[in-house]
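The values are calculated or read from the model by the stated rules, or taken from the named source; none is laboratory data. Because the structure is predicted, anything quoted here is derived from the model rather than measured. Heads up, the Cβs are rebuilt from the backbone with ideal geometry, glycines too, and the neighbour counts pull from every protein chain shown. SASA here: full protein model, heavy atoms, side chains in, ligands and nucleic acids out. Shrake-Rupley method; radii C 1.70, N 1.55, O 1.52, S 1.80 Å.
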Amino acid sequence: MTVAAKYGSDNVSLWTPSATGSNPLSSDVVAWIDCEDTDEMTTVVDDGHSYVSIIKDKINDISFGAPDNYQRPRFSNATDSLLINNRNTLHFWEASQQSTPDTALTATLDAFDGHLAENNDSRYAFFVYKPMDYYGGSNYLYQYGKGQTAKGYGLAMWVTGSTLTNTSHYYYMAHWGGGKRYYPDESDHDSKYYNKGGVTNLVYHQHNGTSGYLSHDGNQTAASYSSTTLTTNNFDQDLELWIGEEIGGGGRGIEFLLAEMIMVTGSSFSDADRQRVEGYLAHKWGLTADLASNHPYKSSAPTNGISVGPTVYFGDDDAGKNKCCDPAGATDGPVT
């Protein structure tokens, strides 16, 4: 099967986090993993499967790889069952239902120090993934910090069964440090916020000051908390960023396809910014049906204000084409 052209490559006017044009975000993207972008991957083949040994963050050019004693994620490589909207993904998989997962990705220790939100800084994260299977216990989609020695932060699932069809599973915004966890309803630690089992999810969550917000469908269904101060660590030392597992193990894995992950830091991030990123991800990964009916990008993808102009010819070219004098002495040929 042939996968779709890289998003934006066949239409330069489409907004992406690297092609913002006249519509930049008001806060900085600090980490970006895009699993359709094969230019950022190094793959190896083993026993007929393609695996990703390295995938790079597109903002800081930081490499992620499998930690010691973990397996590499599989590269979809145009395999129908591993594609999302005909685009490539990474498959975090379980070969055996063991007490630690088979697959995880992590950056080098302290590689993201100074980039990710610390203490009570504002933070925003978008995570597009498709759950494949679950195992009982805590299942992290991502986590950063150092939970065992100080405090960490991330997004996790809590699973009460063993499969997609035999379980209750819900998101919580995780924070270690005295066992604290941020549930959708902070006043009720039994509060559940269900994902859509077995289909692709666009999850957005934020913590800003003393309030938090979580959505998995472009603002149609949301949960929030307030008057709760987040006190994640000052990550001057031992900062780790893991995808697919609790840092250092200790939980069971979540089997899923990762499509894309975008993390933003900065208090100026606005609702218009959030909607722009949601629109980009929804149109790219085929999730526009999830967007609320009044979402500004429900019907059309966000654009960057760049348009393709007419072809201009320099020099003495074929008859019928406009001719002009090129002061730089360029040879004949089109410039678009």
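The listed residues are Ala301, Ala223, Ala282, Ala272, and the only one of them that is modelled with pLDDT of 65 or more, open to solvent by 30 Å² or more (accessible area, probe 1.4 Å) and hydrophobic (A, V, I, L, M, F, W, C) turns out to be Ala272. When segment 252-269 is filtered for residues that are buried (at least 21 other Cβ atoms within 10 Å of the Cβ), among the small types (Gly, Ala, Ser) and within 24 Å of His207 (Cα to Cα), only Ala259 remains. Taken together, the criteria place Tyr7 among residues that are under 20 Å from Glu278 (Cα atoms), crowded, with 18+ Cβ neighbours inside 10 Å and of a type in the set (Phe, Trp, Tyr). Only one of the numbered conditions (1) within 25 Å of Gly305 (Cβ to Cβ); (2) in contact (Cβ under 8 Å) with a residue 24 or more places away in the chain is not met by Met41, and that is (1). Quick check, is Tyr124 at pLDDT 85 or above, assigned to a strand (DSSP E or B) and touching a strand residue (DSSP E or B) at 6+ places or on another chain (Cβ under 9 Å)? So Tyr124 passes the test.
Looking at Asn139, Asn119, just one residue is closer than 22 Å to Gly212 by Cα, at pLDDT below 80, among the polar types (S, T, N, Q) and surrounded by fewer than 20 Cβ atoms within 10 Å (Cβ to Cβ), and that residue is Asn119.
Can you find even one residue in segment 323-333 that is at pLDDT 60 or above, aliphatic (A, V, I, L, M) and touching a strand residue (DSSP E or B) at 6+ places or on another chain (Cβ under 7 Å)? No; the residues of segment 323-333 include none that is at pLDDT 60 or above, aliphatic (A, V, I, L, M) and touching a strand residue (DSSP E or B) at 6+ places or on another chain (Cβ under 7 Å).
Matching residues to (1) within 20 Å of Phe126 (Cβ to Cβ); (2) acidic (Asp, Glu); (3) surrounded by 20 or more Cβ atoms within 10 Å (Cβ to Cβ):
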{"site": "Ser22", "(1), (2), (3)": "no, no, no"}
{"site": "Asp46", "(1), (2), (3)": "no, yes, no"}
{"site": "Ser81", "(1), (2), (3)": "no, no, no"}
{"site": "Trp93", "(1), (2), (3)": "no, no, yes"}
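Conditions first: (1) over 26 Å from Val199 (Cα atoms); (2) open to solvent by 20 Å² or more (accessible area, probe 1.4 Å). Val30 passes all but one, so which condition is the exception? Only one criterion is unmet by Val30, namely (2).
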